[in-house]
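The values are calculated or read from the model by the stated rules, or taken from the named source; none is laboratory data. Please read these numbers as outputs of a predicted model, since none were measured by experiment. Glycine gets a Cβ as well: all are built from the backbone with ideal geometry, and neighbour counts include every protein chain shown. These area figures cover heavy atoms from the full protein model, side chains too; ligands, DNA and RNA do not enter into them. Shrake-Rupley method; radii C 1.70, N 1.55, O 1.52, S 1.80 Å.
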Amino acid sequence: MNIRSTCCFSKIAILLILLCLLGSGQVFAFGIAISPTTVEMVVKPGSQHRQTITVQNVHKKKTLALTVGVADWVLSEKGELELLPPGSADESVTDWVRFSPAFFSLKPGETRQVQVDLSVPMKIGKAGESKMGIIISTLLPASENRTSTSGVWNRYQVTSLFYVAVPGAEEKAPIVSSVALENKASIIPVIEYTAENPGDYHIRLKGQLALKNKQGKQVFKMPIEGVLMAKQTRSFKLPVKLDDSDLPVGEYTVDMKLENTFSLDEKAGNKKALIKAEMPIITVANPVISLK
C-alpha cells in the first residue's frame, strides 16, 4: 500500500543533514546510509514514475527506528540547503508523491528499500522544473522515556533530493561572468568565479580549472563541480593547493572549462559554458603566490 505522509518539522533540535548535491552516490550520516542522494526526472503530463531509495543501517550494534516523509527544499546562492514543509514552495510537487513504507526499523547492517511513486497530473500549470525531497528520519524516544535520560534529544535526517523537469521551457548554457584570485601570504590562494543559470532548469556544472605557463603548456589542473538552480547566480570558491616544488617560478594563466552535464535533451547544444570573464594571472615567486 502506498502511504502519503507529511514531514514533522519539530522545534526539537532537528539537525538537517546537507547531502551531496553534486552527485547521486551514497551518503552516510549518523548511522544511516541512503542512495541515491539526487534524482533527476524528466516527466510528461499524465505519466507515472517509480524510484527506489535504498536505506541502510551502518551502525555495528545499534538498531535504528526510522520514518519517511516528504519536503520542499531550496538551495541558496551560498549553496546552503533548506528543507521546507511540503506544499510551501511555489515549485512544490509533494502532492504528486506517494511512498511506502512510512515507518520501519533496521538492525545493524540491515538494508530496506523505500518505493517512491510520482503521479504527474494531466494538467500542469507550466513547463519548467519543480522539486521535492524524500526525508529519512530517526525516531525520537517515546516522551515517557526521555525524562529518564539527561541531555538534548536530536532527530537526525538525511534527504534524497528530487529534480522534476517538465519539457517545454527554456534550456540555456551557464554563463561565467567573473573570475578572480584571492591571494594572501597566510592562506592558500582561492580562485572565485561567478556563474549564472539563465534557463528554466537546474544546471549541473562539471569541468576543470587549469594553470598554463607562458608557453601555453598546462602545468596544473583540478576538477570543478557545482549546481545552479533555475534563474540562479552563484559564486564558487576553489582553493588552489599549489606546491612550489612542483611549479617553477613564473607566471601562469588560469584556464577554465565548464559544461552542463544535465539536459532534458542529450543532443541539446547548451552543454558548454559561456566564459565572459578575463582569466587572472598567478605569479609564483618562491614562496609567494600573487595576482599580477
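General observations
- Counted over all Cα-Cα pairs of the stretch 37-80, pairs farther apart than 17 Å make up 62 percent.
- Extension gain, Lys276-Leu84: 0.36 nm per intervening residue step, less the Cα-Cα distance, totals 65.6 nm.
- Per residue solvent-accessible surface (Å²) - the stretch 190-254, probe of 1.4 Å: 47 Å²
- Rg and Dmax of the stretch 186-251, based on Cα coordinates, read 14.9, 46 Å.
- For the listed peptides 32-41, 121-130, a ranking on the average number of other beta carbons within 10 Å per residue, highest first, reads 32-41, 121-130.
- The share of accessible area on the stretch 46-125 that comes from carbon and sulfur is 47 percent, using a 1.4 angstrom probe.
- Converting phi to 3J(HN,Hα) with the Karplus coefficients 6.51, -1.76 and 1.60 and the offset θ = phi - 60°, the stretch 202-216 yields 5, 10, 10, 6, 8, x, 8, 10, 10, 10, 10, 7, 5, 7, x Hz in sequence order, with x at every glycine or proline.
- Projecting label points 7 angstrom from Cα along Cα→Cβ for Ala169 and Ala65 puts them 4.1 nm apart.
- Simple label model, 7 Å out from Cα along Cβ direction - Asp95 to Thr111, nm: 3.7 nm
- Taking amide hydrogens as placed 1.01 Å from N in the peptide plane, the amide H of Phe162 sits under 5 Å from those of Val39, Met132, Gly133, Ile134, each at least 5 positions away in sequence or on another chain.
- Residue-normalised accessible area of the stretch 68-130, given per residue in Å² at a 1.4 Å probe: 51 Å²
- Cα-Cα pairs of the stretch 34-127 separated by more than 15 Å (percent): 69 percent
- Cα gyration tensor, the stretch 81-123 - rounded (a/c under 1.5), prolate or oblate: oblate
- Within straight-line cross-link reach of Lys271, aspartates and glutamates at Cα separation under 13 Å, skipping those fewer than 8 residues along the same chain: Glu171, Glu259
- Sorting Asp90, Asp95 by solvent-accessible area of protein heavy atoms yields Asp90, Asp95, largest first, with a 1.4 Å probe.
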